[in-house]
Amino acid sequence: MDTPIIHTCQRCGACCRWEGDVCVTNEDITAIAAYLEMTEEDFIEQYCRLQRNRKGLSIIDAEDGACIMLTENGCRIQAVKPQQCRDFPYKWNFPGWENRCPGAGKTSYTPGE
């Protein structure tokens, strides 16, 4: 039996700075564009690129490599973040994620730790 994942997001943005694609589905695009009060076409043009595997779209990176939606105050689209982001770390993760995520092993939100 797999060990259950204990994790509570600390809103630190560490996962928003990891290398790799932030894949967006058609549903994600619709929700994010509406949230940002822009058309889907404008959202795609301004904030998306072709995934590295060329099988869909991803949100572009900022100049520092973080997700373009990460701001000083956290995720700009937290209320409608992509399914990939909502699923981490329960439906997908990678070896060693626990060492890079301050929320690993936490059962409550503890800002600043």
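Values in this text are rule-based calculations from the coordinates and carry no lab data. Fair warning: this is a prediction, and the values are worked out from it, not measured in the lab. In this analysis, Cβ positions are derived from the backbone assuming ideal geometry, glycine residues included, and neighbour counts consider all displayed protein chains.
Observations
- Among the GluC sites (Glu not before Pro) found in segment 1-40, those both in a DSSP coil and sparsely packed, with 11 or fewer other Cβ atoms within 10 Å of their Cβ, are Glu19, Glu37.
- From the coordinates shown, Kirkwood radius over Cα pairs in Å corresponds to which of (1) 14.4; (2) 16.8; (3) 15.0: (3)
- Sorted by Cβ neighbour density within 10 Å, fewest at the top, the residues Cys67, Cys12, Cys101: Cys12, Cys101, Cys67
- Local electrostatic count, Arg52, Cβ distance below 11 Å [Lys/Arg +1, Asp/Glu -1]: +1
- Relative contact order of the chain, taken over Cα pairs closer than 8 Å and 6 or more residues apart, is 43 percent.
- Restricting segment 46-113 to chymotrypsin sites (Phe, Trp or Tyr not before Pro) in coil, as DSSP defines it, with at most 10 other Cβ within 10 Å: Tyr90, Trp92
- Applying both filters, DSSP loop and at most 12 other Cβ atoms within 10 Å, to the trypsin sites (Lys or Arg not before Pro) of segment 21-54 gives Arg52, Arg54.
- When only the Cβ of Lys, Arg, Asp and Glu is charged (+1, +1, -1, -1), the dipole of the chain relative to its Cα centre reaches about 400 debye.
- Per-residue ellipticity at 222 nm from helix content only, as computed over the chain with -39500 (n - 2.57) for each DSSP H run of at least four residues, stands at -6000 deg cm²/dmol.
- Cα long-axis angle, helix 26-35 against the chain (0 to 90 degrees, to the nearest 10): 80 degrees
- Reachable lysines from Lys81, criterion Cα separation under 21 angstrom, eight or more residues apart if same chain: Lys55, Lys91
- Residues whose amide H falls under 5 Å from that of Gly103, counting only those 5 or more places apart or on a different chain, are Gln10, with hydrogens built in the peptide plane.
- Fluctuation leader among Asp87, Asp21, Asp64 - the chain, Gaussian network, Cα springs under 10 angstrom: Asp64
- Gain on full extension, evaluated as 0.36 nm per residue between Phe94 and Thr25 minus their Cα-Cα distance, stands at 22.8 nm.
- Prolate/oblate/rounded call for segment 17-79, Cα gyration tensor, a/c under 1.5 rounded: oblate
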